[in-house]
Amino acid sequence: MKKIILIIFTTLFIYSIVNVLIWIKDSHHTKEIISEINKEIVPSKEERMISIDYFKNMNNDTVGFLRVNNTNINYPFLKTYDNSFYLNHSIDKTYSNSGWLFMDYKNNTDFNDQNTVIYAHARKDGTMFGTLKNVIKKYWYKNKDNHIITIFLKNKKINYQVFSTYTIKTEDYYITTSFTSKTDFKVFLNTIENRSIYNYNVKLDTNDKILTLSSCYTYNRKIVLHAKRLNE
């Protein structure tokens, strides 16, 4: 019996060590890529100009670039044929448990859907959506500069106004991308607004285009941010 317990313990120990080494390797690779990405974000007087072409050359699945103030979220994002591939592949398409930011495969890349959803892992080292948890902190909410989310496309910049941030048990409702009627969409908007832990005082209507950011918060809960598209 003691031998069986020892074998089980040894197996679990080796398994844990291997997983830690894989995590460290993936984290190192991800940070190397992020370092290269940061070199391509060229400062200008008014804003950082983002070269989407550069990221397209890196990976043709690139759609645009996402920035969330006072987080580490400053990355290109991708879209492919499903919502699985970039859960365990990096932007260079190498296998990685870090994954990368990606749009819901059901969304169009013009950002004219009723609800456009972007996902990423909440990495403990703060990469990917690891700092999305900042958006439910009071200090983040109190700084109104943080309430504007920016999307850069090839020849366009889109700003979004945050109107809801919260955590919720894992579900599919808030990641619904389109609705069959304005009534259904209105119910959706009311529901996700009322879930917010803070009041952003943003007026919504059924003509709005919504951006949703989603990541894991705990093993069975998600952290969610919703923002509405502002006039261009």
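For the stretch 42-229, what value does the Rg/Rh ratio take when both radii are computed over Cα atoms and Rh is the Kirkwood radius, given to two decimals?
Values: Rg = 15.7 Å, Rh = 16.8 Å.
When Rh is taken as the Kirkwood radius, the ratio is 0.94.
Which chymotrypsin sites (Phe, Trp or Tyr not before Pro) in the stretch 48-121 sit in a loop by DSSP (not H, G, I, E or B) and have at most 13 other Cβ atoms within 10 Å of their own Cβ? Write out the running numbers ahead of the final one.
Working: sites: TYR54, PHE55, PHE65, PHE77, TYR81, PHE85, TYR86, TYR95, TRP100, PHE102, TYR105, PHE111, TYR119; in loops: TYR81, TRP100, TYR105, PHE111.
Answer by residue number: TYR81.
Which entries in LYS56/LYS138; LYS106/LYS154; LYS56/LYS182; LYS56/LYS186; LYS56/LYS142 show an alpha-carbon gap greater than 32 Å?
Working: LYS56/LYS138 36 Å; LYS106/LYS154 20 Å; LYS56/LYS182 35 Å; LYS56/LYS186 36 Å; LYS56/LYS142 36 Å.
From LYS56/LYS138; LYS106/LYS154; LYS56/LYS182; LYS56/LYS186; LYS56/LYS142, over 32 Å: LYS56/LYS138; LYS56/LYS182; LYS56/LYS186; LYS56/LYS142.
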Item to complete: At most 13 other Cβ atoms within 10 Å and a DSSP loop assignment: could you name the chymotrypsin sites (Phe, Trp or Tyr not before Pro) in the stretch 128-232 that fit?
Response: TYR219
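With a ≥ b ≥ c taken as the square roots of the eigenvalues of the C-alpha gyration tensor of the stretch 157-215, please select rounded if a/c is under 1.5 and otherwise prolate if a/b is larger than b/c or oblate if it is not?
Details: a/c = 1.32, a/b = 1.06, b/c = 1.24.
Rounded.
Where both residues lie in the stretch 42-229, what percent of DSSP beta bridges are antiparallel, nearest 5? Intermediate results must be reported in sequence, preceding the final value.
Values: 37 of 43 bridges.
The answer is about 85 percent antiparallel.
Hey, got a sec? Which trypsin sites (Lys or Arg not before Pro) in the stretch 162-232 land in a DSSP loop and have at most 12 other Cβ atoms within 10 Å? List each step's numbers first, then the result.
Values: sites: LYS169, LYS182, LYS186, ARG195, LYS203, LYS209, ARG221, LYS222, LYS228, ARG229; in loops: ARG195, LYS203, LYS209.
Those that pass, being in a loop and sparsely packed, are LYS203.
Tell me the relative contact order for the stretch 42-229 as a rounded percent, counting alpha carbon contacts under 8 Å between residues six or more apart. Walk me through the intermediate numbers first.
Numbers: 383 pairs, mean separation 39.3, N = 188.
Relative contact order, the stretch 42-229: 21 percent.
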Discussion item. Can you give me the C-alpha center-to-center distance between the stretch 51-109 and the stretch 153-232, rounded to a whole angstrom?
Written reply: 20
Worksheet item: Put a dot 7 Å past each Cα toward the Cβ at ILE175 and PHE85; how far apart are the dots in nm?
Response: 1.7
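Taken together, the values in this text are just the output of simple stated rules run on the coordinates, not laboratory data. Being a predicted model, the structure only gives us computed values, none of them experimental. Cβ atoms come from the backbone with ideal geometry, glycine included; neighbour counts cover every protein chain shown.
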